[in-house]
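Working notes for the structure below.
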Amino acid sequence: MSTFRIMSYNINGARSAAGELAPELCAAVIRAQQPELVMLQRIGSPIGISSVDRLADRVGLSVYGPDSEGSCPFLSCYPIHHIQELQLGFGGQCVQADLEYENERIHLFNLTLSWDFRQRREQVKLLMGEQLLNNPFLPCATIICGDFGLPLWRGGQIPLNEHLKRATFPVWRANFPGKAPLWGRDRVYFRGPIKALAGNVVLTGEARQASTHLPLVLTVETSDTRKVLKIKKRAQIAPKQTNPICG
């Protein structure tokens, strides 16, 4: 059983709520919360003052994953492996990876979806397909989070709600728009032996200025997933097959 602190944060290209480049504000927000894993969405330029490498230096974490503008990398104090970037269509992105933490493996899905209902519905179908969340070779505890592009009416989320557990924290989930949050556009879902022990939307003055999205911070607890992994391996018909993601 392991416990650690995660953050999901759409930094909107490191542009402040006023539309100005302000990566130092995003860094200050992250540092103040002391997360061990940050799942970022819509990062800034791969070079210059808003690059994810500079952001990682400012907060004292290592960067993993793509650094192209608008992508969804990770900042972590634990090793992350098997990183794959997949396009969900209509500008939607999903970065899949495995976090190694205290001899446990945790699957990560960091994503952005479209604001448009029809586009988001197609993206969710792809997300729930066998290549991603319904992949039988993903037996460990899983964290799915990011910007779900949700307007007030929240259309297109039914398949996610049917197959995944939405984190019970934070209780008050409104995080968008940052200056006067009205609804929860960003979300955290779980699958498998993992749960949230606590969580909140960061409502500080710095967070309201740093981005149009307020970050979500959760303390999560996992059960030991190695037993589940062993059972899955024994059940494989062809033992010689290797899992490119969880192998």
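Just so you know, all these numbers are worked out from the coordinates, no wet-lab data involved. Note that the structure is predicted; figures quoted are calculated from it, not measured. In this analysis, Cβ positions are derived from the backbone assuming ideal geometry, glycine residues included, and neighbour counts consider all displayed protein chains.
Between D57, D98, D67, where does the largest GNM mean-square fluctuation fall for the chain, given springs only between Cα atoms within less than 10 Å?
D57
Below 8 Å, C-alpha to C-alpha, sequence gap of six or more: please give me the relative contact order for the stretch 2-235 in percent.
In percent, rounded to a whole number, it is 22.
Along the principal axes of its C-alpha atoms, what lengths does the stretch 34-176 span, in descending order and rounded to whole Å?
38, 35, 31
What angle, in degrees between 0 and 90 and rounded to the nearest 10, separates the Cα long axis of helix 23-33 from the longest principal axis of the Cα atoms of the chain?
60
Just going by the charge dipole of the chain, with Lys and Arg at +1 and Asp and Glu at -1 on Cβ, which of A167, A18, G178 is farthest out on the positive end?
Most positive-ward Cα: A167.
Ranking T168, T112, T219 by Cβ neighbours within 10 Å, fewest first, what do you get?
Exposure proxy ranking, most exposed first: T168, T219, T112.
Quick one: compute a quarter of the convex hull surface over the Cα atoms of the chain and quote it in nm².
Numbers: hull surface 50.0 nm².
Taking the Cα atoms of the chain, their convex hull projects to 12.5 nm² on average.
If one computes the Cα centroid of the stretch 1-28 and of the stretch 155-215, what distance in Å separates the two points?
For the stretch 1-28 versus the stretch 155-215, the Cα centre distance is 14 Å.
Of P193, P66, L88, whose Cα points farthest to the positive end of the dipole of the chain (charges on the beta-carbon: +1 Lys, Arg; -1 Asp, Glu; origin at the Cα centre)?
After comparing all options, I get P193.
Determine the percent antiparallel among the DSSP beta bridges restricted to the stretch 2-235, to the nearest 5.
Looking only at bridges with both residues in the stretch 2-235, the antiparallel portion is about 80 percent.
List Y64, Y78 from most exposed to least, where exposure is judged by having the fewest other Cβ atoms within 10 Å.
Details: Y64 21, Y78 16.
Fewest to most other Cβ atoms nearby, the residues stand as Y78, Y64.
Give, as ranges by residue number, the residues of the stretch 64-95 whose backbone N falls under 11 Å from the point 7 Å along Cα→Cβ of L126.
Taking a point 7 Å out along Cα→Cβ of L126, the residues of the stretch 64-95 whose backbone N falls under 11 Å are 86-94.
Could you calculate the contour length gain from E85 to L197, that is, 0.36 nm times the residue separation minus the distance between their Cα atoms, to one decimal place in nm?
Working: separation 112, 0.36 × 112 = 40.32 nm, distance 2.93 nm.
Taking 0.36 nm per residue and subtracting the Cα distance, the gain is 37.4 nm.
Going by how many other beta carbons lie within 10 Å of each one, how would you line up M7, M128, M1, M39, fewest first?
Numbers: M7 23, M128 16, M1 9, M39 30.
So the residues, fewest neighbours to most, are M1, M128, M7, M39.
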